[in-house]
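The values are calculated or read from the model by the stated rules, or taken from the named source; none is laboratory data. If you're wondering where the values come from, they're calculated on a predicted model, not measured in any experiment. Note that we place each Cβ from the backbone using ideal geometry, even for glycine, and neighbour counts take in every protein chain shown.
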Amino acid sequence: MIAARLKFGVFVATVLVPPGVLMATGDARLIDLGKLAMILSPGVAGLVLNLGRPRGPKPRWPWVGVSTVVTLVVAGASLAVAVLVGAADFEPSGSALPAVASAAGISALTSVLEELGWAGGGLALAVAALGRRWGVVALGSVWAAWHLIPALLRVGLFPDLEKAPPAMLGAFVVSCLVYRELLTALRERARTWWAAAAGHAAPNILLAGLMTAGLGGFGRPGAWPFFPAPGGLVFPLVTLAAVLILRRIPIDQ
């Protein structure tokens, strides 16, 4: 247990400290290096620290598709509420299709790289160190901090969080905890981290493409509770509903 907790501690330090230190320098080149370290460190640290771990059972690939549908429903429902209450609107930005496709593609790549670390190596380390329940809570907390460090340093990675009121930042942390539980539940049923990767990437691709094309309005005063992603209030509620539904489906089915 001590060795497992030590490994998880090393994972946490690796994904938070070097990127944060580099981005805090204020030097443009080191900030860019910090951004690169941020996106690569979870996957690299997770793979290295899990070397020698036995391979799990055979994946159930249909659940990867289910994961995509589940998270798209969560994001779609959250976005629909935002539009209905006037907290989001769409004004064509004039961006060419290649720009929209590029934004979606970058979002897909970064989401997959994230989950290689979080749902792949990081989850195994967290569960070995703290057990399933508290391991997922700890991993979700680290995931939230991983986002908030660059947001608080205002390096341009997460502009909505950089301008967020304190209540939105608190909601973001809660959202990360609930969303990490959902992605973990999907990963457990699929028996592969690709389920979390697909579930993470699908709504990110949708929102990145739509926002590049002209979806906006989230910065209006009082609109933050309806932000259709972690940070809003509707998103974690819909995510929690998905978690409760999944719990009715045994992991071995």
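When Val48, Val70 are checked against the criterion of being modelled with pLDDT of 95 or more and surrounded by fewer than 20 Cβ atoms within 10 Å (Cβ to Cβ), a single residue qualifies: Val48. With respect to Val137, determine if the residue is among the β-branched types (Val, Ile, Thr), under 21 Å from Leu49 (Cβ atoms) and in a helix (DSSP H, G or I). Yes.
For beta carbons closer than 8 Å, sequence separation of 6+ or different chains, a first residue in the stretch 168-193 that is on the phi > 0 side of the Ramachandran plot and surrounded by fewer than 24 Cβ atoms within 10 Å (Cβ to Cβ) and a second that is of a type in the set (Phe, Trp, Tyr) and modelled with pLDDT of 95 or more, the qualifying pairs are Arg191/Trp63. Restricted to the stretch 70-85, and to residues there that are out of contact with any Leu (no Cβ under 8 Å at 6 or more places or on another chain) and in contact (Cβ under 8 Å) with a residue 40 or more places away in the chain, the residue that is nearest to Ala190 (Cα to Cα) is Val73. In the set (1) out of contact with any Ser or Thr (no Cβ under 6 Å at 6 or more places or on another chain); (2) buried (at least 17 other Cβ atoms within 10 Å of the Cβ); (3) small (Gly, Ala, Ser); (4) in a helix (DSSP H, G or I), the condition left unmet by Ala3 is number (2).
Kindly establish whether Ala213 is over 26 Å from Phe11 (Cα atoms) and at pLDDT 95 or above. Answer is no for this residue. Considering (1) assigned to a helix (DSSP H, G or I); (2) of a type outside the set (A, V, I, L, M, F, W, C); (3) free of Cβ contacts under 8 Å to residues at least 24 places away in the same chain, the lone condition that Gly156 does not fulfil carries the number (1).
When residues in the stretch 17-47 are screened for being touching a residue at least 12 places away in the same chain (Cβ under 8 Å), more than 20 Å from Ala196 (Cβ to Cβ) and part of a helix (DSSP H, G or I), 10 of them pass. If I go through the stretch 49-61 residue by residue, how many of them are touching a residue at least 40 places away in the same chain (Cβ under 8 Å) and of a type outside the set (Phe, Trp, Tyr)? Count: 8.
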